[in-house]
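The values are calculated or read from the model by the stated rules, or taken from the named source; none is laboratory data. No experiment lies behind these values; they were computed from the predicted model shown. Don't worry about glycine lacking a Cβ; one is built from the backbone with ideal geometry, like all the others, and counts go over all protein chains shown.
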Amino acid sequence: MQNQLVIILFSLILVSGSVAPAVFAQAPEAATGAGARGGVDIDGSWYVGENLKVGEFFKYKLCHQSYKDCSDFWMSFWVEKETVVDGEKMWLFQVLVEDGDKVVKGYMNIGKVAPEPTGGSDNIISYGAVYKSSISWLSGFVTGEIDQPGKGPKDFRLPSWGKIANIGGEQIAAIGLQTISVPSGEYDTIVIGWKSGGKTSHIWVVDEFPFPVKASTWEHVTENPPPQEYRFELHEYRENVSTNPFTNFVDTAQKQAEAGCSTEYDMVKKVANTNTNSMFVKMFYGPEKPRIGCEMKFIIEFMKPYSSDLFEHQVHYDILRVD
């Protein structure tokens with residue numbers, strides 16, 4: 001009787017003609033090498049900025065290796081309106097950044113075909129670069145409709161969305177389906193991924209939703225373990241927001257200026273080797289003469305002993321504060 005049930009069940013699968021695509025409990029792994037192929041058996045296509053609308057609000061917690069060695073900060077943006085800059089239609093994003101105890105308010109002009117920053121307020125530039133290299137990074141492969149080779153929306157069934165040239169031509173593609181929970185809610189996602197340095201990078205996208213809801217990617221390095229390149233999660237999402245949600249926030253630079261603090265100054269640079277010559281340390285601080293109650297910028301960089309351009313990773317250190 002048990003054998004008959006197995007045969008009947010197998011026959012039903014054959015008659016139906018297809019099997020539902022697997023939904024992974026854990027993030028799927030990407031293949032690597034010349035024969036690596038992706039694609040998932042689900043209808044639909046996607047691009048960064050799909051269905052983006054005026055009035056939408058997004059709040060992400062994110063980091064990127066290029067900014068403070070992947071220290072987390074908060075970035076919120078509100079799609080205020082459509083605008084025209086130099087004859088090109090764009091989105092106007094009002095932006096709020098919460099970086100430690102610092103608050104930064106500004107705006108970005110965002111492209112419509114590829115939602116990348118093309119301009120904006122000066123104080124947002126460094127954060128806009130992180131946004132471009134993380135939240136909108138996939139726009140290098142998938143964009144709105146445009147008559148250019150390799151651009152436009154990409155079907156989830158495609159074996160490849162393109163190659164990542166800077167990591168040896170590894171294929172980037174949809175590699176699985178996964179239901180995930182992030183602070184903004186639960187989503188049925190298509191997992192975009194690629195493998196380099198022995199580790200799979202993942203970006204979780206939702207069909208007909210403008211931006212990825214989560215990402216965790218890794219740098220391509222020759223030594224393991226690879227450091228984090230960027231990561232983010234969507235913490236809050238709202239629609240039909242008609243008034244600026246950042247009105248009650250005060251920019252830290254504005255507070256500093258009103259208190260008479262220096263806002264433009266040259267950084268003082270100090271360089272020293274360790275007592276074992278294992279690395280050398282660059283230290284930058286400013287202003288040269290700090291003022292009580294005003295912000296002071298302090299940066300430490302750990303460099304390899306044989307190159308001033310190569311950073312050491314995973315360095316543990318203590319800072320001793322003295323009166």
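Each residue in segment 273-295 was checked for being without any contact (Cβ under 8 Å) to a residue 24 or more places away in the chain, over 24 Å from VAL221 (Cβ atoms) and under 30 Å from the mean Cα position of the chain (by Cα), and 4 of them qualify. Might you let me know whether segment 296-313 holds any residue that is in contact (Cβ under 8 Å) with a residue 60 or more places away in the chain, loosely packed, with under 11 Cβ neighbours inside 10 Å and within 19 Å of SER66 (Cα to Cα)? No, segment 296-313 has no match at all.
Taking the criterion of being of a type outside the set (D, E, K, R) and part of a helix (DSSP H, G or I), the residues of segment 251-299 that qualify are THR252, ALA253, GLN254, GLN256, ALA257.
In segment 238-262, of all residues being polar (S, T, N, Q) and either more than 30 Å from the chain's Cα centre (by Cα) or surrounded by 12 or more Cβ atoms within 10 Å (Cβ to Cβ) (or both), the one that is farthest from HIS316 (Cα to Cα) corresponds to ASN244.
Of the candidates TRP194, TRP204, TRP218, the single residue that is under 28 Å from GLN94 (Cα atoms) and modelled with pLDDT of 90 or more is TRP204. Listed here are the strands (runs of 3 or more DSSP E) enclosed by segment 70-156 that have at least 2 residues being touching a helix residue (DSSP H, G or I) at 6+ places or on another chain (Cβ under 7 Å) and in contact (Cβ under 8 Å) with a residue 12 or more places away in the chain: 88-99, 102-111, 117-120. For segment 263-295, what are the residues that are under 19 Å from VAL104 (Cα atoms) and either surrounded by fewer than 11 Cβ atoms within 10 Å (Cβ to Cβ) or touching a Gly at 6+ places or on another chain (Cβ under 9 Å) (or both)? Passing the criteria: GLU264, TYR265, GLY293, CYS294.
Just to be sure before I move on: is GLU233 surrounded by 14 or more Cβ atoms within 10 Å (Cβ to Cβ), modelled with pLDDT of 90 or more and either more than 30 Å from GLY49 (Cα to Cα) or not aromatic (Phe, Trp, Tyr) (or both) in the structure I sent? Yes, satisfied.
In segment 123-151, which residues are among the charged types (D, E, K, R) and at pLDDT 95 or above?
Within segment 123-151, just LYS132 meets the criteria.
From the list SER134, SER139, which one is closer than 24 Å to VAL40 by Cβ, touching an Asp or Glu at 6+ places or on another chain (Cβ under 8 Å) and not charged (D, E, K, R)?
Residue meeting the stated conditions: SER139.
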